[in-house]
Structures are given as structure tokens and as C-alpha cells.
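Novice: Please see the structure below; I have some questions.
Every number here is computed from the coordinates shown, using simple stated rules; none is lab data. All values derive from a computational prediction rather than experimental measurement. Glycine gets a Cβ as well: all are built from the backbone with ideal geometry, and neighbour counts include every protein chain shown.
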Amino acid sequence: MFIYSVKGSLVKAAAAALAVVIAAAVAAAVFFGGESSDASYYYPEGSIPRVAVKTAKELSGIKTAADRKALLISYGWDVEDEPFEIAEVVIPKTFDAVYTKYNELLKGDGFDLSGYRGKTVRRYTYIVKNHEYKGTVYAELLISGDRVIGADVCSANADGFIHGINKNNNIIL
């Protein structure tokens with residue numbers, strides 16, 4: 001059995017050291033982490049990371065297969081040229097627990113199906129070719145008219161996963 005005691009002076013010294021480390025980190029972030037309008041300064045040509053936050057304008061006007069594929073590519077997903085499946089889907093008027101949880105997932109990427117309750121929308125399902133999961137993975141777009149109202153990535157397995165279209169959306173169902 002070991003008994004360890006710390007005197008007040010050691011605690012004060014550790015707190016002071018921690019404060020110095022935090023101050024140095026903040027100073028480095030301010031000095032070296034400033035924003036630049038030229039992202040290519042920080043990243044080699046062709047490797048600028050995509051930001052998957054889309055504006056309302058970017059999520060509307062999606063009319064063709066090329067538009068849908070370009071949208072999925074902008075989120076970082078490499079998909080087949082043609083959809084695996086196109087289906088008409090009715091958004092329920094009342095969300096059960098599953099749909100409520102799914103809508104929360106979509107909200108993590110800026111979507112919300114609440115305004116589409118009871119409406120029929122089209123679901124485009126694409127096979128994803130660059131997901132780290134070893135099985136079949138789909139990217140799904142829910143489109144009303146020419147506007148994307150929801151999107152997710154999921155495995156084909158019944159015991160698999162579903163997560164947001166944005167690779168940074170860590171919500172997994």
C-alpha cells in the first residue's frame with residue numbers, strides 16, 4: 001500500500017506550469033494560426049480540404065444526376081455515376097422514435113425534415129466507393145423538387161451503421 005501526499009506548494013507549482021502551457025498554446029494559436037484567404041498557402045495543390053457546410057443556395061438547383069454526384073463529391077464521397085436506387089418516400093406526418101432520431105442525425109448536417117411531414121420526396125441511393133467500412137455503403141439524398149432536404153451515409157448490413165453525409169458529423173445511429 002502506498003500513501004502519497006502533496007503539499008500546497010507542489011499543487012501551486014503544477015497549476016502555474018499548466019497556466020504557462022495554456023498561455024503558450026493560446027499565443028501560438030493566435031500568432032501562427034491566423035486565417036488566410038489563400039488556402040493553397042497551407043495545402044499543396046489539389047489537397048485543399050473540403051468544407052461540407054452548404055448554403056441553402058448550394059442545396060437547391062439539384063436537377064440532374066451530374067448535380068447529385070457533384071454534391072456528393074463535394075462532401076468527399078466517391079460514388080458510382082448512376083444511382084443504385086431511386087424511390088419515392090413519404091415523410092411521416094408524425095415522427096416515431098426512429099424518425100425522430102434520424103431527423104436529429106440530419107440536423108447535425110443542417111437538414112431538418114420537420115417541414116416536410118406528410119410530403120412525398122424522392123430518395124436517390126448511390127454506392128459509395130471510398131468509405132473505410134469494408135462492406136457495401138450507400139449515400140442517400142432526399143430531394144424535394146430540386147432541393148436536398150436530407151442526406152446520410154449507411155451500410156447495407158442490417159446490423160450496420162448510419163451517419164451524416166458530412167464526414168465530420170460524428171453522430172452514428
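Novice: Just wondering, is there one or more residues in the stretch 153-165 that are under 19 Å from the mean Cα position of the chain (by Cα) and closer than 19 Å to S60 by Cα?
Specialist: The answer is yes; a qualifying residue exists.
Novice: Being closer than 12 Å to A156 by Cα and among the hydroxyl-bearing types (S, T, Y) is the filter; apply it to the stretch 123-140 and report the residue that is surrounded by the most Cβ atoms within 10 Å (Cβ to Cβ). Outline the logic, then answer.
Specialist: First pass over the stretch 123-140, keeping only residues closer than 12 Å to A156 by Cα: 125-128, 133-140.
Checking the rest, the ones that are also among the hydroxyl-bearing types (S, T, Y) come to 125-126, 133, 136, 138.
Working: T125: 16, Y126: 24, Y133: 14, T136: 14, Y138: 21.
For the stretch 123-140, the residue satisfying everything is Y126.
Novice: Residues of the stretch 60-79 being farther than 19 Å from H163 by Cα and touching a residue at least 24 places away in the same chain (Cβ under 8 Å), which ones?
Specialist: Of the stretch 60-79, the ones farther than 19 Å from H163 by Cα are 60-67, 70.
Result: S60, G61, I62, K63.
Novice: Scan the stretch 147-165 for residues that are touching a Ser or Thr at 6+ places or on another chain (Cβ under 6 Å) and farther than 19 Å from G108 by Cβ and report the count.
Specialist: Filtering the stretch 147-165 for residues touching a Ser or Thr at 6+ places or on another chain (Cβ under 6 Å) gives 147, 156, 161.
Within this subset, residues satisfying the condition of being farther than 19 Å from G108 by Cβ are 156.
Residues in the stretch 147-165 being touching a Ser or Thr at 6+ places or on another chain (Cβ under 6 Å) and farther than 19 Å from G108 by Cβ: 1 in total.
Novice: On the basis of being aromatic (F, W, Y), more than 20 Å from A65 (Cβ to Cβ) and within 21 Å of the chain's Cα centre (by Cα), does Y124 make the cut? Break it down stepwise before answering.
Specialist: Numbers: aromatic (F, W, Y): yes; more than 20 Å from A65 (Cβ to Cβ): no; within 21 Å of the chain's Cα centre (by Cα): yes.
No; evaluated as a whole, the condition is false for this residue.
Novice: OK, next. Might you check whether a residue that is surrounded by 21 or more Cβ atoms within 10 Å (Cβ to Cβ) and part of a loop (DSSP other than H, G, I, E, B) occurs anywhere in the stretch 151-165?
Specialist: Checked the stretch 151-165: at least one residue is surrounded by 21 or more Cβ atoms within 10 Å (Cβ to Cβ) and part of a loop (DSSP other than H, G, I, E, B).
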